[in-house]
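K.L.:
The following block contains the structure, expressed as structure tokens.
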Amino acid sequence: MQFTLDRDALLKPLQMVSGAIERRHTLPILSNVLIEVTAEGQLVLTGTDLEIELVAHAPVQQVQVPGRITVPAKKLLDICRSLPDSSLLDVVVQGDNCVVSTGKSKFTLSTLSANDYPNLESWAGEVELQLERQQLRHLLDDTAFSMANQDVRYYLNGLLFEVDNGVLRAVATDGHRLALSTLDVAATSGHQKQIIIPRKGVLEIMRLLSADEQLVQLSLGQNHIRLTDSQFSFSCKLIDGRFPDYRRVLPRNSTKKVTAHRDVLKDACMRASILSNEKYRGVRFTLSGQNELQIVANNPEHEQAEEVIEVEYVGEALEIGFNVGYLLDVLNTLSTDLVIMNLSDANSSALVEGVGNHTGAMYVVMPMRL
């Protein structure tokens, strides 16, 4: 194998696929990137950890000998980063080594056979969706923060995608809070489909997606999801489990409603959190008929923070506790000027929404006893 290309043309796809490659792995070949060069002048880079797979493309200026080989991904990436911009790289496979040279610099890397490189089995998508990059990115931004992390309930360590009658819903929960966002889509199949994307897959998609209007193809299969872009193809195995029925978690028939300026509420919560219990992060909300919200935080050192802000409140007097970290996550994610908290009593969850939120995102936060 022998080819010539710009350093910049190699660096971008190499950075892209490196996100799928584990540096510390029991299989040495999984630390490598698969490099394929076609006679038509196309460079194809593949990275995988057996759970996710990323394939990126780049044009090659000159192909002397097409071929396939794997080289250590991190070392090749570090070499490319360290070279000057617009360097012209000559890549040649010599025996068991891959030689990368430019100017007076020359790097000899060890290789492993491309025939031993694993790839995810081929599969067919049951539901095909086409949407803008920014739409998918916003959907994930609205919800991903509520995913569990290393929970024994493995099905919570990911994000639910549900396609139902032209609507794509993203739902995430860790058992203490829940985030839901919706998007109207045109699906090639009318039937309902639910999948759970693992946490690593969700974070990788968010890393890859830029917020523009370019279209991407989303394929939902029985055990996999694939995202196809003009620059890359990303595949991921799904979590085999049953996601809890999120509809049962959404509070209904709330009797009390708080409307507040998002920035004012967020800043007050942030200040109160300074003196909250570092472990439980609890704050107490006290609402009365005077259209005022009192936020109080205490800690074991007998320190106390107290904030009073103006709100619009409809309902009877109420005192309820929350984990301030969960509330701040929601307030940081919402982008509307006003937010509404729908409440029932001190033992019932709060439903938080932005006023005029075009994504239809809503958030459920469990109360806590203080």
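The values are calculated or read from the model by the stated rules, or taken from the named source; none is laboratory data. Being a predicted model, the structure only gives us computed values, none of them experimental. Using ideal geometry, Cβ is built from the backbone for each residue, glycine included, and neighbour counts are taken over all protein chains shown. Ligands, DNA and RNA are stripped out before the accessible areas are found, and what is left, the full protein with its side chains, is counted by its heavy atoms. Shrake-Rupley method; radii C 1.70, N 1.55, O 1.52, S 1.80 Å.
K.L.:
Among residues belonging to the range 126-178 that are charged (D, E, K, R) and in a loop (DSSP other than H, G, I, E, B), point out the one that is modelled with the lowest pLDDT.
P.N.:
Only one residue fits best here, namely 126.
K.L.:
So for the range 203-218 (the condition being surrounded by 14 or more Cβ atoms within 10 Å (Cβ to Cβ), aliphatic (A, V, I, L, M) and farther than 27 Å from residue 48 by Cβ), does at least one residue qualify?
P.N.:
Scanning the range 203-218 turns up no residue that is surrounded by 14 or more Cβ atoms within 10 Å (Cβ to Cβ), aliphatic (A, V, I, L, M) and farther than 27 Å from residue 48 by Cβ.
K.L.:
Quickly run through the range 341-359 and pick out the residues that are part of a strand (DSSP E or B) and either farther than 15 Å from residue 262 by Cα or open to solvent by 40 Å² or more (accessible area, probe 1.4 Å) (or both).
P.N.:
If the condition is that a residue be part of a strand (DSSP E or B) and either farther than 15 Å from residue 262 by Cα or open to solvent by 40 Å² or more (accessible area, probe 1.4 Å) (or both), then 343, 350, 353 are the ones that fit.
K.L.:
Is there any pair linking a residue in the range 148-174 that is open to solvent by 40 Å² or more (accessible area, probe 1.4 Å) to one that is among the acidic types (Asp, Glu), with Cβ under 6 Å and at least six apart or on different chains, and which?
P.N.:
These pairs meet every condition: 169/162.
K.L.:
Can you run down the residue pairs with Cβ atoms below 8 Å, 6 or more apart or on separate chains, where the first is in the range 27-47 and more than 18 Å from residue 78 (Cβ to Cβ) and the partner is polar (S, T, N, Q) and surrounded by fewer than 20 Cβ atoms within 10 Å (Cβ to Cβ)?
P.N.:
41/61; 41/62; 44/38; 46/119
K.L.:
Applying the selection to the range 101-121, what residues are at pLDDT below 95 and either aliphatic (A, V, I, L, M) or over 35 Å from the mean Cα position of the chain (by Cα) (or both)?
P.N.:
Those that are at pLDDT below 95 and either aliphatic (A, V, I, L, M) or over 35 Å from the mean Cα position of the chain (by Cα) (or both): 103, 104, 120.
K.L.:
Another question about this same structure. Looking at (1) touching a Lys or Arg at 6+ places or on another chain (Cβ under 7 Å); (2) crowded, with 16+ Cβ neighbours inside 10 Å; (3) charged (D, E, K, R), which one does residue 193 not meet, given that it meets all the others?
P.N.:
(1)
K.L.:
Do you know which residues across the range 307-324 are open to solvent by less than 40 Å² (accessible area, probe 1.4 Å) and without any contact (Cβ under 8 Å) to a residue 60 or more places away in the chain?
P.N.:
Passing the criteria: 307, 309, 311, 313, 320, 321, 322, 324.
K.L.:
Quick check: anything in the range 256-274 more than 20 Å from residue 330 (Cα to Cα) and out of contact with any Cys (no Cβ under 6 Å at 6 or more places or on another chain)?
P.N.:
no
K.L.:
Shifting gears a bit: Could you look through the range 298-337, keep only residues that are part of a loop (DSSP other than H, G, I, E, B) and of a type in the set (D, E, K, R), and pick out the one that is farthest from the chain's Cα centre (by Cα)?
P.N.:
Looking at residues that are part of a loop (DSSP other than H, G, I, E, B) and of a type in the set (D, E, K, R), I get 316.
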